[in-house]
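Undergrad: Dropping a structure here in structure tokens format, bear with me for questions.
We did not get these values from a lab; they are worked out from the coordinates using the rules stated. Keep in mind that what you see is a predicted model, and the values were worked out from it rather than measured. Here the Cβ positions follow ideal geometry from the backbone for every residue, glycine too, while neighbour counts run over all protein chains shown.
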């Protein structure tokens, strides 16, 4: 397993950017699943104070507790500001969920010295791996890609 993946999933206090107010985004699903897997999750959304009955923070700097890593589930066009703020706050472990990455964001992350995980679904690696994610993980181990 990639070193950055291993480092990231060992962190237990994660901020997630990309859960929506209507509850229909992958970010909402990831937020719920990661909580069920024992992670302390902090939802970040600039336009609401509550997501799925849990407090939500306006940006990464507003999270009052210690954050070890950032899960990014927003389109690449919105990711630039997220990566820059993570870098400014010293949050160097960043997971760009599939669909959130772009060549430009990856280059920016490297420039900022971030430890990026890209092209992977966090739910395939955060233990315990369940449902179809377990099958996907086994497939990737065997074939090398999904």
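Undergrad: Roughly what % antiparallel, to the nearest 5, for the DSSP beta bridges in the chain?
TA: 10 percent
Undergrad: Could you give the length gained on full extension between residue 11 and residue 84, defined as 0.36 nm per residue of separation minus the Cα-Cα distance, in nm?
TA: 24.2 nm
Undergrad: Express the C-alpha Rg of the range 1-86 as a ratio against the empirical globular expectation 2.2 N^0.38 Å, rounded to two decimals.
TA: 1.02
Undergrad: Once you wrap a convex hull around the alpha carbon atoms of the range 6-53, what is its projected area averaged over all directions, in nm²? Write out the running numbers ahead of the final one.
TA: Working: hull surface 13.6 nm².
Seen from a random direction, the Cα hull of the range 6-53 projects 3.4 nm² on average.
Undergrad: Once you put a point 7 Å from the Cα of residue 48 and another 7 Å from the Cα of residue 110, both along the Cβ direction, what distance in nm separates them?
TA: Taking the simple label geometry, residue 48 and residue 110 are separated by 3.6 nm.
Undergrad: State the Cα centre-to-centre distance between the range 29-62 and the range 1-22 in whole Å.
TA: Result: 12 Å between the Cα centres.
Undergrad: Go ahead and set up a Gaussian network model of the chain, Cα springs under 10 Å, then flag whichever of 80, 22, 50 fluctuates most.
TA: 22
Undergrad: Oh, and also: With 15 Å as the cut-off, how large is the P(r) tail for the range 51-95, expressed as percent of Cα-Cα pairs?
TA: The share of Cα pairs beyond 15 Å in the range 51-95 comes to 44 percent.
Undergrad: Taking the Cβ of each residue in 58, 64, 25 as the centre, tally the other Cβ atoms inside 10 Å and list the residues starting with the fewest.
TA: 64, 58, 25
Undergrad: Looking at the range 1-84 only, what percent of DSSP beta bridges run antiparallel? Nearest 5 please.
TA: 15 percent
Undergrad: Please give, to one decimal in nm, the separation of the simple spin-label points placed at residue 65 and residue 32, each 7 Å out from Cα toward the Cβ.
TA: Rounded to a tenth, the inter-label distance reads 2.0 nm.
Undergrad: Given C-alpha coordinates of the chain, what is the ratio Rg to Rh with the Kirkwood estimate of Rh?
TA: Working: Rg = 14.3 Å, Rh = 15.2 Å.
Rg/Rh: 0.94.
Undergrad: Taking the beta-carbon count within 10 Å as an exposure proxy, list 39, 4 from fewest neighbours to most.
TA: 4, 39
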